[in-house]
Amino acid sequence: MKSKNKNIIYSNILDNEKSAFVINEQKFSSNIESMLSSFKAFYPNVIIGYSYKTNYVPLICKIAHDLGCFAEVVSEMEVDMAQNVLTNKSNIIYNGPVKSIESLRIVIKNGGIINIDNSFDLEMIDLILKEESNLNLKAKVALRLNFSFNENDSRFGMDEDNIIRIKEEIKCKDNIELIGFHLHLPFRSMESFDFRVKTMIKVLEKNKDVDLKYINIGGGFFGDISIETAKSLGINKPPSYNDYAKLIGDQLSDYFSKNNYNEWPTLFIEPGSSVVADVLDFITRIHTVKQIDNRDYIVTYAGRHLLSPTNKTVEMPVSISFFNEKIICDSETVNYVVAGYTCIEGDIIGRLNSTKIIDRENSYIIVSNVGSYSIVMGSDFILPQPAIYSFGNDGLRMLRQSKKTIDIINSFI
Ligand SMILES: Cc1ncc(COP(=O)(O)O)c(C=O)c1O
């Protein structure tokens, strides 16, 4: 989108708000489409399970589902959210270490997929199938694998001995169908995905008795990030969708063709950050501009706890914009520290250089790439949470009002 149009939209929002999250619907659709087409170029049948935990704004989930994505959910709350948004309620992958029995019941009744993390999951599934025996349900399950990458242990899934034990248990039950395996690790590098796919293939080799329909290689891919952000994360060039797709698709295709599989299983991927991070900007008016000794600060209505709660160090991409381009005055280049509104010393959002005079009336700050693990971790620390807006084919719309102090007071009994 042209920056002039963006400025009009952002100025309109900031006429009524001190700050807001803004969603670019078109960008999200094109990320999903581009990731899917990259993977389909290297493997014939691919389905995206969009990771709700990364950003569960209902409109975002709906766009993902309209483009054919399943819901990848990890809690009772997320199961309920997905049931609310999904048209085809079986298009759900239920992951996570703490599934509740009621949410498992919903997923089984709707024909969704359950990635078993531990034996208690299986106990609950058994109980549900007994309680609902009159419905003749069949539960579709996959097993989450636990492997250590570069000596980093994981607390999720099951080791190989437990995988074999649970597989044998499931074999004796005709109301549970084991469709395949799941492996997710918290690393985004190509090396870690190479490890995932090679490990998955080793597991498939050892478990040829499974009627394989599903391989789920998880999420945690890099999306499009700026060179500066990449550098601050210690990487030169982040892998593209295509790089990941080739790495994973080529090895799986090679394995299935050499092993004469008639029907190749569907490859599931579970992206979150890689498709939604660069879809949201945070825009904020400037509270004040101040100088301490020779240091220049722009104090905003942003906060690290709102934008990047899991990351306390990496500086975020910030830029300056002006409501009225005509009255911008030039100055010498000034290096500004963009600070949040909280009383935390480390609440520094980022830095920017400007040759324009920045003032509280005519200037505002844009923090980009704030779509992942921001809104879903939002808190009312010091100020109530800001509004959420979205723009797309239907124009600009407000998706959530900014919270008011009274909402917070009223949330206590
Ligand atoms: C099992 C699983 N799938 C998918 C994701 C999504 O990861 P990301 O948002 O980094 O793409 C996560 C994140 O923790 C996860 O644990």
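The values are calculated or read from the model by the stated rules, or taken from the named source; none is laboratory data. Every value quoted in this text rests on a predicted model; they were computed, and no experiment measured them. Backbone-built Cβ (ideal geometry, glycine too); neighbour counts: all protein chains shown. Accessible surface areas use protein heavy atoms only, side chains included; no ligands, DNA or RNA. Shrake-Rupley method; radii C 1.70, N 1.55, O 1.52, S 1.80 Å.
Which stretch or stretches of segment 166-196 have amide N atoms under 19 Å from the point lying 7 Å from residue 153's Cα along the Cα→Cβ direction?
Only 184-187 pass the distance filter.
Just order 100-107, 276-283 by mean Cβ neighbour count inside 10 Å, highest at the front, would you?
Answer by packing, highest mean first, reads 276-283, 100-107.
Per-residue ellipticity at 222 nm for the chain, helices alone: DSSP H runs ≥ 4 residues times -39500 (n - 2.57), over residue total, nearest 500 deg cm²/dmol?
Mean residue ellipticity, 222 nm, calculated: -10000 deg cm²/dmol.
Leaving out ligands and nucleic acids, note down the accessible area per residue over the chain with a 1.4 angstrom probe, in whole Å².
47
Could you list which residues have their amide H under 5 Å from that of residue 176, counting only those 5 or more apart in sequence or on another chain, with H placed in the peptide plane?
Sorted by chain and number, the residues that satisfy this are 139.
Given axes a ≥ b ≥ c from the Cα gyration tensor, I'd like to know whether segment 1-101 is rounded (a/c under 1.5), prolate (a/b larger than b/c) or oblate.
Numbers: a/c = 2.90, a/b = 1.43, b/c = 2.03.
Taking the square roots of the gyration eigenvalues as a ≥ b ≥ c, segment 1-101 is oblate.
Where the accessible area of segment 25-277 is counted over protein heavy atoms with a 1.4 Å probe, how much of it, in %, is carbon and sulfur?
51
With both bridge residues required to lie in segment 25-277, what share of the DSSP beta bridges run antiparallel, to the nearest 5%?
If we restrict to bridges inside segment 25-277, about 5 percent are antiparallel.
If the viscosity is 0.890 mPa s and the temperature 25 °C, what translational diffusion coefficient in µm²/s does Stokes-Einstein give for segment 71-185 when Rh comes from Kirkwood over Cα pairs?
Taking Rh from Cα pairs, D becomes 171 µm²/s.
For helix 241-258, what angle does its Cα long axis make with the longest principal axis of the chain, in degrees from 0 to 90 and rounded to 10?
Tilt relative to the chain: about 10 degrees.
Which GluC sites (Glu not before Pro) in segment 312-413 sit in a loop by DSSP (not H, G, I, E or B) and have at most 11 other Cβ atoms within 10 Å of their own Cβ?
Counting only loop positions with at most 11 other Cβ atoms within 10 Å, the GluC sites (Glu not before Pro) in segment 312-413 are 345, 361.
From the Cα gyration tensor of segment 152-263, with a ≥ b ≥ c the square roots of its eigenvalues, which class applies: rounded if a/c is under 1.5, or else prolate if a/b is larger than b/c, or else oblate? Show your work: numbers first, answer last.
Working: a/c = 2.93, a/b = 1.83, b/c = 1.60.
Since a/c reaches 1.5 and a/b is larger than b/c, the shape of segment 152-263 is classed as prolate.
For segment 321-365, restrict the atom set to alpha-carbon positions and state the Rg and Dmax in Å.
12.0, 36
Take peptides 36-42, 70-76 and line them up by average Cβ neighbours within 10 Å, highest first, as a rough protection proxy.
70-76, 36-42
In whole angstrom, note down how far apart the Cα centers of segment 42-78 and segment 112-130 are.
Taking the Cα centre of segment 112-130 as reference, the centre of segment 42-78 is 22 Å away.
Step by step: find N for the chain, compute 2.2 N^0.38 Å, then divide the Cα radius of gyration by it. What's the final number?
1.09
Provide the packing ranking of 3-15, 112-124, i.e. peptides ordered by the mean count of other C-beta atoms within 10 Å per residue, highest first.
Ranking, from highest mean packing down: 112-124, 3-15.
List, in the order given, every pair from 198/312; 237/356; 99/171; 62/312; 202/231 whose Cα-Cα distance in the structure shown is over 28 Å.
Going by Cα-Cα distance, 198/312; 237/356; 62/312; 202/231 fall outside the 28 Å limit.
Using Cα centres only, tell me the gap between segment 261-277 and segment 145-213 in whole Å.
15
By its C-alpha gyration tensor, with a ≥ b ≥ c as the square roots of the eigenvalues, how is segment 340-413 shaped: rounded for a/c under 1.5, else prolate for a/b larger than b/c, else oblate? Working shown, then result.
Working: a/c = 1.89, a/b = 1.26, b/c = 1.50.
In terms of gyration-tensor shape, oblate.
Longer than 25 Å from Cα to Cα, which of 53/258; 4/403; 130/167; 167/213; 89/213 are they? Say none if no pair is.
53/258; 4/403
At 20 °C and a viscosity of 1.002 mPa s, what translational diffusion coefficient does Stokes-Einstein give for segment 208-317, taking Rh as the Kirkwood radius over Cα pairs? Give it in µm²/s as a whole number.
So the translational diffusion coefficient is about 119 µm²/s.
Hey, got a sec? Which trypsin sites (Lys or Arg not before Pro) in segment 324-413 land in a DSSP loop and have at most 10 other Cβ atoms within 10 Å?
404
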